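Notes follow the structure.
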Amino acid sequence: EVFHEIASLEMDKIYALPSDGLKSLQPLLEKCLKSGDRTQHDAAHMVLMIFSFRLDGAELLDPYIDLIAQDLKSSKDWDRTNAISLLSLVYSRPSDRAIAILRAKFLDPANSTEEFQNIAIGLLCARPEDSNLALEVLAAVRKRKDDTVFGAVMHVIGLRRITANEALEFTKEGLNRPETRADAMEAIERLPNSASPFFVADLARIAADPAE
């Protein structure tokens with residue numbers, strides 16, 4: 001019965017409804033998330049994912065943060081991936097509580113490479129102005145020593161035009177590594193023009209050296 005209530009919701013209307021109307025769904029969604037029933041749980045997650053794409057997503061998801069966080073401990077990859085996406089959001093600024101949960105999960109040595117990468121990207125996107133957070137995230141990425149993750153993080157630095165000194169140093173490091181140079185070049189092209197002088201000397205050296 002609960003699942004049918006969720007399934008009857010028209011997803012495009014959920015996206016368009018005013019926030020007050022969506023807050024009334026809280027008892028139903030919480031019941032689904034706590035039910036232990038896979039179908040109900042996934043249906044509720046689908047609704048929450050739509051919340052996350054709204055400009056008021058942080059406000060709408062806040063009552064569910066603790067329930068979402070429980071899925072970070074799930075044995076199912078799908079649950080953990082969804083939880084990371086919901087906590088880092090897309091179009092609105094995640095709450096400090098959501099960021100604290102992600103930061104704690106980021107330090108979990110049991111994270112898969114995909115989980116580690118998604119959390120790193122989520123944290124940088126959520127707080128691009130936070131230099132301390134950038135320092136923490138980028139240090140962990142360096143320690144991971146995975147060129148794919150390194151490149152993905154530089155892609156986000158360029159895409160989100162993150163110009164914190166820590167991000168620029170990280171991108172310069174990638175530029176000077178043949179394995180990640182292409183990703184670094186793409187990131188540099190997307191950064192604001194004000195960041196260009198930071199890379200001039202390295203770009204000139206690379207261009208002048210036939211061995212590079």
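Take the stretch 69-102 and flag every residue that is among the small types (Gly, Ala, Ser), open to solvent by 20 Å² or more (accessible area, probe 1.4 Å) and within 20 Å of ALA134 (Cα to Cα).
Passing the criteria: SER85, SER92, SER95, ALA100.
List pairs: first residue in the stretch 30-41 and farther than 17 Å from TRP78 by Cα, second residue open to solvent by 40 Å² or more (accessible area, probe 1.4 Å) anywhere in the structure, Cβ distance under 8 angstrom, at least six positions apart or on different chains.
GLU30/PRO63
Scan the stretch 47-62 residue by residue and report those that are touching a residue at least 40 places away in the same chain (Cβ under 8 Å) and either loosely packed, with under 13 Cβ neighbours inside 10 Å or aliphatic (A, V, I, L, M) (or both).
VAL47, ALA58, LEU60 - these are the residues of the stretch 47-62 that are touching a residue at least 40 places away in the same chain (Cβ under 8 Å) and either loosely packed, with under 13 Cβ neighbours inside 10 Å or aliphatic (A, V, I, L, M) (or both).
Where in the stretch 17-91 are there helices (runs of 4 or more DSSP H), lying wholly inside it, with at least 3 residues that are under 18 Å from the mean Cα position of the chain (by Cα) and closer than 22 Å to ILE121 by Cβ?
Because the criterion is at least 3 residues that are under 18 Å from the mean Cα position of the chain (by Cα) and closer than 22 Å to ILE121 by Cβ, the helices (runs of 4 or more DSSP H) in the stretch 17-91 that meet it are 38-52, 57-61, 65-70, 77-88.
Listed residues ASP183, ASP147, ASP108; which is without any contact (Cβ under 8 Å) to a residue 40 or more places away in the chain, in contact with a Ser or Thr (Cβ under 6 Å, 6 or more places away or on another chain) and open to solvent by 50 Å² or more (accessible area, probe 1.4 Å)?
Testing whether each residue is without any contact (Cβ under 8 Å) to a residue 40 or more places away in the chain, in contact with a Ser or Thr (Cβ under 6 Å, 6 or more places away or on another chain) and open to solvent by 50 Å² or more (accessible area, probe 1.4 Å) leaves just ASP147.
The values are calculated or read from the model by the stated rules, or taken from the named source; none is laboratory data. Here the structure is a predicted model, which is why all the values come from computation and not from measurement. FYI the Cβ positions are ideal-geometry reconstructions off the backbone, even for glycines, and counts take in every protein chain you see. Note: areas computed on protein heavy atoms with side chains; ligands, DNA, RNA excluded. Shrake-Rupley method; radii C 1.70, N 1.55, O 1.52, S 1.80 Å.
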